[in-house]
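Heads up, the thing below is written out as structure tokens.
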Amino acid sequence: MTTAGELLLSKADDDRPAILFADRSWTFRQLLSEARRRAALFARRMDPTRPPHIGVLLDNIPEYVFWLGAAAISRSVVVGINSTYRGDQLAQLVRHTDCQMIVTSAESGRLLSGLDLGSASDQIVDIDSDDYLGELSEGEAVAESPTPVDDDLFLLIFTSGSTGAPKAVRCTQGRFGRTGVHVATVTSLSSHDVVYSPLPFFHSSSLFTGWASSLAAGVPIAFRPRFSASHTLDDVRRFNATMMTYTGKVLNYILAVPEKEDDATTSLRLAIGNEASARDIVEFAQRFGCDVRDSYGATEGIIIIRRDPTMPTGALGRAADSVKVINPDTGDECPPAEVDANGRVTNLLQAVGEIVETEPSSGFEGYYRNEEATTARFRDGWYWSGDLAYRDGDGWFYFAGRSNEWLRVDGENFAAAPVESIIGRLPDVRSVAVYAVPDDPVGDRVMVAIELRAGSTLSPSAFDAFLAAQTDLGPKWVPQFVRLVPELPKLASMKIDKQRLRQEAWRATGVWWRPVRKSPLVPLEEAERERLEGLLR
């Protein structure tokens with residue numbers, strides 16, 4: 001089997017560049033040497049009676065990759081600590097994953113101040129300290145670890161938390177190695193390529209699509225400390241990057257950066273990721289003269305739905321025959337969507353179900369110390385994704401949102417994603433999120449948060465006129481609350497943070513609403529906001 005450790009150890013004499021960062025580079029030989037020094041440091045500090053888990057709380061800097069390498073060759077585990085968490089929520093992530101030691105910086109380490117980190121509280125390593133440099137100078141004097149094997153745990157990666165409390169996804173050495181080989185193969189990585197990963201290394205995109213493929217192909221990976229839409233293409237030019245990884249709204253935010261004359265002639269040949277909108281995919285490919293390969297996927301793995309140039313507008317793509325849309329209540333496959341002359345799905349309640357792999361064979365390896373959540377994913381021998389979709393008569397999948405993104409309005413159930421797709425047609429809309437807010441006395445009302453393109457404006461009457469012209473917009477789908485935002489809140493994965501939007505609801509300023517169903521949108525006044533407050537409690 002190909003493991004993460006084997007991929008790195010096989011490059012002990014490889015002097016090709018492995019890391020490109022700012023104005024520096026490291027070869028694979030140097031990367032392995034740095035990894036060995038850190039493996040030696042951990043070996044001197046670790047308690048052999050406890051899980052060999054190393055929490056890493058760092059920006060995207062070479063030090064992060066050095067510690068990934070250290071874990072790979074020493075059969076240890078890197079716990080990618082999400083730097084967007086705060087307080088006890090952050091502490092719980094550390095305690096839950098049994099971190100023995102936390103590697104951090106002077107800046108990031110401030111997030112840990114005063115927190116109950118369990119036994120890791122006494123093992124916080126500050127990479128900016130003189131003590132750390134002194135320990136590293138002791139070199140690689142440690143007994144070689146046994147060769148990593150396929151099922152050695154290598155990474156604990158927290159899900160984005162977009163559908164509830166984040167969970168730590170287990171990733172073994174074998175899964176990481178196989179994924180790297182697969183991505184390097186399907187993207188045809190060669191000696192002329194450079195991979196650029198703009199997202200944090202605690203995110204699966206930069207780990208699996210980025211570093212794993214770089215390591216497998218023996219090509220460099222380039223990155224910057226934190227994602228910056230305005231600097232991404234500057235980095236592409238600086239590093240001559242040919243492949244870029246992404247997820248969520250990354251392409252959308254890069255497209256918002258003013259164009260340059262040479263945008264279409266950069267070295268970029270491929271952007272690969274998931275969850276970009278159909279419009280962003282087309283615009284990005286045209287503007288930067290590259291291919292965009294977008295597919296449905298998740299940190300847990302297993303299910304992949306790939307786009308196809310021949311698919312209908314709005315479709316998600318096609319998957320293996322074993323991937324089906326299942327009614328979670330009955331276990332039966334949902335019928336195909338039926339579409340009327342206006343393009344509206346007339347049997348949405350029956351057609352929408354959960355995306356399920358009925359013949360799971362590889363990928364997801366469970367959640368760490370969360371058997372209940374793992375069991376919920378695997379039921380009756382099937383893998384349940386937690387995501388909603390429907391299929392048309394030709395087998396194309398259409399995304400319908402997360403399993404917690406159902407809305408119930410006047411007794412009618414529907415998913416958020418089809419409504420978002422319709423509102424996204426408005427030319428000045430850059431990004432949109434549809435979600436449920438409470439009705440009085442029961443049920444939901446539809447609320448939408450809209451981020452406009454720079455320099456664009458939108459009035460309540462113009463938005464109402466647009467909605468009236470959308471023949472496939474169901475009458476229950478019409479937003480009752482509208483919120484214009486300068487920028488939609490996002491998780492570290494660049495997915496929209498709908499939990500935060502639901503919590504804020506209409507408490508924010510600049511909200512329009514319909515005082516009576518079917519009435520025109522008008523500004524929500526403070527007195528009405530106070531009257532509605534009781535619903536949010």
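Computed from the coordinates by the stated procedures, all read-outs in this text should not be read as laboratory data. Remember, it's a predicted structure, so these values are computed and weren't measured experimentally. With ideal geometry, Cβ positions are generated from the backbone for all residues, glycine too; neighbour counts draw on all protein chains shown.
Below is a table of values for the structure above.
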{"item": "Lys/Arg +1, Asp/Glu -1 at C-beta; the range 406-536 dipole; positive extreme among Ile422, Val522, Leu536", "result": "Ile422"}
{"item": "For the range 341-377 versus the range 70-94, the gap between their alpha-carbon centres in whole angstrom", "result": "27"}
{"item": "Theoretical gain in end-to-end length, Phe378 to Asp262 [0.36 nm per residue, Cα-Cα removed]", "result": "36.9 nm"}
{"item": "Degrees, to the nearest 10: 173-186 long Cα axis against longest axis of the chain", "result": "70"}
{"item": "Phi-based couplings in Hz for the range 471-477 (Karplus 6.51, -1.76, 1.60; Gly and Pro marked x)", "result": "5, 9, 8, x, x, 7, 7"}
{"item": "Qualifying trypsin sites (Lys or Arg not before Pro) for the range 149-239 [loop in DSSP, other Cβ within 10 Å: at most 15]", "result": "Arg226"}
{"item": "Between helix 526-536 and the chain: long-axis angle, C-alpha atoms, 0 to 90°, nearest 10", "result": "70"}
{"item": "Share, in percent, of DSSP beta bridges within the chain that are antiparallel, nearest 5", "result": "60"}
{"item": "Two-site label geometry, Glu533 and Thr310: point separation in nm, points 7 Å out along Cα→Cβ", "result": "5.9"}
{"item": "GluC sites (Glu not before Pro) within the range 218-305, DSSP loop, no more than 16 other Cβ atoms inside 10 Å", "result": "Glu259, Glu261"}
{"item": "Inter-label distance, nm, simple model (7 Å from Cα along the C-beta direction), Asp440/Lys518", "result": "2.1"}
{"item": "For Gly317, distant residues with modelled amide H under 5 Å away", "result": "Phe397"}
{"item": "Full-stretch length increase - Glu487, His192 - with 0.36 nm per residue and alpha-carbon distance subtracted", "result": "102.5 nm"}
{"item": "Selection of trypsin sites (Lys or Arg not before Pro), the range 385-463, meeting DSSP coil and at most 16 other Cβ within 10 Å", "result": "Arg425, Arg453"}
{"item": "Estimated 222 nm signal from helices in the chain, with DSSP H stretches of n ≥ 4 weighted -39500 (n - 2.57), rounded to 500", "result": "-8000 deg cm²/dmol"}
{"item": "Residue list for the range 272-298, given a label point 7 angstrom along the Cα-to-Cβ vector of Asn370 and an amide N cut-off under 16 Å", "result": "298"}
{"item": "Cα centre as origin, Lys/Arg/Asp/Glu Cβ charges: the range 262-314 dipole, Debye", "result": "140"}
{"item": "Residues Ser385, Ser421, sorted so that the one with the fewest Cβ neighbours within 10 Å comes first", "result": "Ser421, Ser385"}
{"item": "For the range 53-68, 3J(HN,Hα) per residue [Karplus equation, 6.51 cos²θ - 1.76 cosθ + 1.60, θ = phi - 60°, Hz, x = Gly/Pro]", "result": "9, 10, x, 10, 10, 9, 5, 6, 10, x, 3, 4, 5, 4, 6, 4"}
{"item": "Mean Cα-pair separation over length for the chain, i.e. relative contact order, pairs under 8 Å, 6 or more apart, %", "result": "10"}
{"item": "Two-site label geometry, Thr147 and Arg237: point separation in nm, points 7 Å out along Cα→Cβ", "result": "4.7"}
{"item": "Charged-residue dipole, Cβ positions (Lys, Arg, Asp, Glu), the range 406-536 about Cα centre, Debye nearest 20", "result": "300"}
{"item": "Relative contact order [Cα under 8 Å, 6+ residues apart], the range 84-154, whole percent", "result": "30"}
{"item": "Cα centroid of the range 251-330 to Cα centroid of the range 1-32, whole Å", "result": "29"}
{"item": "Relative contact order of the range 308-418, defined on C-alpha pairs under 8 angstrom at six or more residues apart (%)", "result": "27"}
{"item": "Computed lengthening from Asp14 to Thr49, 0.36 nm per intervening residue step minus Cα-Cα distance", "result": "9.1 nm"}
{"item": "The range 457-476 versus the range 46-61: alpha-carbon centroid distance in Å", "result": "52"}
{"item": "Overall form of the range 211-320 per C-alpha gyration tensor (a/c, 1.5; a/b vs b/c)", "result": "oblate"}
